[in-house]
1. Is it the case that region B:205-228 has a residue that's surrounded by 13 or more Cβ atoms within 10 Å (Cβ to Cβ) and touching a residue at least 40 places away in the same chain (Cβ under 8 Å)?
2. Need at least 3 residues that are over 27 Å from B:Thr155 (Cβ atoms) per element, so show me which helices (runs of 4 or more DSSP H) inside region B:30-138 make the cut, counting only ones lying wholly within it.
3. Tell me, please, whether a residue that is surrounded by fewer than 20 Cβ atoms within 10 Å (Cβ to Cβ), closer than 30 Å to A:Trp216 by Cα, of a type in the set (D, E, K, R) and not assigned by TED's automatic domain parsing to the domain that holds B:Asp119 can be found in region B:191-203.
4. From (1) free of Cβ contacts under 8 Å to residues at least 40 places away in the same chain; (2) open to solvent by 10 Å² or more (accessible area, probe 1.4 Å); (3) within 14 Å of chain A (Cβ to nearest Cβ), pick out the condition that doesn't hold for B:Phe100.
5. Residue by residue through region A:119-133, note down the ones that are closer than 15 Å to A:Phe99 by Cβ and touching a helix residue (DSSP H, G or I) at 6+ places or on another chain (Cβ under 6 Å).
6. What are the residues in region A:102-116 that are within 22 Å of A:Phe42 (Cβ to Cβ), of a type outside the set (A, V, I, L, M) and open to solvent by 40 Å² or more (accessible area, probe 1.4 Å), if any?
7. Within region B:254-284, take every residue that is part of a helix (DSSP H, G or I) and of a type in the set (Lys, Arg) and give me the one that is nearest to the chain's Cα centre (by Cα).
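The values are calculated or read from the model by the stated rules, or taken from the named source; none is laboratory data. What you see is a predicted model; the values in this text were computed from it and never measured. Ideal geometry is used to build each Cβ from the backbone, glycine not excepted, and the neighbour counts take in all protein chains shown. The protein model used for the area step is the full one, side chains on, heavy atoms only, and it has no ligands, DNA or RNA in it. Shrake-Rupley method; radii C 1.70, N 1.55, O 1.52, S 1.80 Å.
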Amino acid sequence: MMKKIFFAFLLIIVFNKTLFPQDELKEQFQFANKLYEQGKYFDAITEFKRLQFFDEKREYEFISNFLIGKCYKEGAKLSDAIFYFSKAEIGAASSQQIFDSRIEVIKSNILRKTISRALKMIDELKADERFFRKKDTLIYWSGWAYIINGEWDKAAEQFSQVSFANSLADLCDSIDSESYSVLFAKYISYIIPGAGQFYTGNFLSGLLSLGWNVLWGYTTVNAFIEERIFDGFAVANFLWLRFYSGNIQNAEQFALIKNLEISNKALDYLQYQFSGLKP
Amino acid sequence: MRIKPTVLLILIFFTRISGQENFLLHSPQKIKQFADFLFCDKDYLRAAEEYEKLFSISKVDSFLFLSSLAYSLSRNYNSAASGFSRISDLSLKPDAKFEFYKIKFIQEDFENFLSGEKDSDMKAEEQSLKRYLKLKGIFSLMHNETLNEEVILNTFQTDEVETIQKFFGFKKNPGIKSEVAAGLLSALIPGTGKIYTENFADGLMAFLSTGIFSYLSYSNFKAGHNFRGWLFAGLGGLFYAGNIYGSIASAQIFNAKLNIDFENSLKIFLEEKKYFSPDYGLCK
């Protein structure tokens, strides 16, 4: 009797493990997925790769590539993530899977700041009839692409078209109105040296700029009045023009820095406090 | 033979919950297949971990060698060196020792690297010793040791000799610029020090700016604008002094660039040659 039980035991072990290779793959998938859910992304990638290696029928091709992409994305390895999301798209069995893969590629492009690529992909999806009903989602992610690109006005415009993104539209609007106009800062410095610095709140720098320009402007004009023509040209070229063009570049730079500070503050809020969908 | 259904169920349950280590996909044979795939796919860190698993199961040194090699290729040099130093299989030892000293060379742990000369395990195999001597030759080039060109060149293969000769050529005649000469030239004629250090545009600008400010100073004094005369004289003086200082700095930068270029060329050569590691024929 014991012998029979022993043989039955052996048979079960052998049959259980060899006759049902798909069960092995399923278990492997569950194991890998569990690691992914636990946030052990490096190990999860190893196990998904193992699944792919032994999955001869490629049953898990889409989901394993998709989740490997997600793991890489969590580890901020965005180029690797894009590679695996693209592989997932190749193995996709439905339009939904194609859409999901492409959205992840778009989100990864947004995060790695290859915005033009993200926007191009969004436009391609918008033009694809299969995804006609997904327009809101696409507009939403184009809004995020503009946010990361620092184009808050365009982001607000996109979010205002989507009913579930009103709070983001308001936020982008407020950031846009808070931002300094780089062109204005530059142009007023053309007219009055130092004015752009005053506009961006850098008063000392504005005063210095004005002072230098007055000094070298006066010296230049005075040299011409006294008919010391070479002196006039030399001072104008080597000193006045340098300070004048420096003042314009300086004003532009200050406006850009101020805008960056405002953008960073908003991005900080979006990263840590905003609870909606993020790339 | 009749077995009660409950016994069957218990057995099935037992085999299913027996933990993931018992998956067929995690059997030693499958781990080896998967590790080889990862290694040839250049996913070296994962390959290293898989070979390490095999070593912990079987205690076979070839797996430890492969694991260390994969660690080395993924630039985890400490794990790699630790693995190579533990290999005791005599057939693997010379290669393992060479790889160990190669890592010490890469890590710039030259004290340990140089101790390879006395290592009898590595000397036991001619090829490993030859590879080590090539690295030693490169070390001598890098550290300006007394160079016996002929002896060093003899250790290299024909296709490598030309490049090594170029490195020797640089060491013999590096073409460095004298900082003192650059400073003196600029003190005599502003800008010439920079031209001497092959910084032509800067040299010309230094000459022009010093000349123009000196002229402006002279012209303003002549017109009775003493304040402006002194102001331009000050600016001219600043440019003159700055140009001397800049010429000395330019010579230093020129020399540093020569050395950096030399070190980069050496590094590129070593990377191309994989620090003289053999292919081991793992991925065909």
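1. Taking region B:205-228 and keeping what is surrounded by 13 or more Cβ atoms within 10 Å (Cβ to Cβ), we get B:205-221, B:223, B:225, B:228.
From what is left, the residues that are touching a residue at least 40 places away in the same chain (Cβ under 8 Å) are B:206.
Within region B:205-228, one or more residues are surrounded by 13 or more Cβ atoms within 10 Å (Cβ to Cβ) and touching a residue at least 40 places away in the same chain (Cβ under 8 Å).
2. Details: elements: B:44-58, B:61-73, B:77-85, B:93-106, B:110-114, B:120-123.
Helices (runs of 4 or more DSSP H) meeting the threshold: B:44-58, B:61-73, B:77-85.
3. There is at least one residue in region B:191-203 that is surrounded by fewer than 20 Cβ atoms within 10 Å (Cβ to Cβ), closer than 30 Å to A:Trp216 by Cα, of a type in the set (D, E, K, R) and not assigned by TED's automatic domain parsing to the domain that holds B:Asp119.
4. Of (1) free of Cβ contacts under 8 Å to residues at least 40 places away in the same chain; (2) open to solvent by 10 Å² or more (accessible area, probe 1.4 Å); (3) within 14 Å of chain A (Cβ to nearest Cβ), only one is false for B:Phe100: (3).
5. In the first step, residues of region A:119-133 are kept if they are closer than 15 Å to A:Phe99 by Cβ; the result is A:121-133.
Those that are closer than 15 Å to A:Phe99 by Cβ and touching a helix residue (DSSP H, G or I) at 6+ places or on another chain (Cβ under 6 Å): A:Met121, A:Ile122, A:Leu125, A:Lys126, A:Arg130, A:Phe131.
6. Across region A:102-116, the qualifying residue is only A:Arg112.
7. Applying the first criterion (part of a helix (DSSP H, G or I)) to region B:254-284 yields B:254-272, B:274-276.
If we keep only those that are of a type in the set (Lys, Arg) too, we end up with B:257, B:267, B:274.
Values: B:Lys257: 17, B:Lys267: 5, B:Lys274: 11 Å.
Here the residue is B:Lys267.
Yes or no, residue by residue, for (1) modelled with pLDDT of 95 or more; (2) open to solvent by less than 50 Å² (accessible area, probe 1.4 Å); (3) of a type in the set (Phe, Trp, Tyr):
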| site | (1), (2), (3) |
| --- | --- |
| A:Tyr41 | yes, no, yes |
| A:Thr46 | yes, yes, no |
| A:Glu56 | no, no, no |
| A:Gly69 | yes, yes, no |
| A:Lys77 | yes, no, no |
| A:Ala81 | yes, yes, no |
| A:Gly91 | no, yes, no |
| A:Asp100 | yes, no, no |
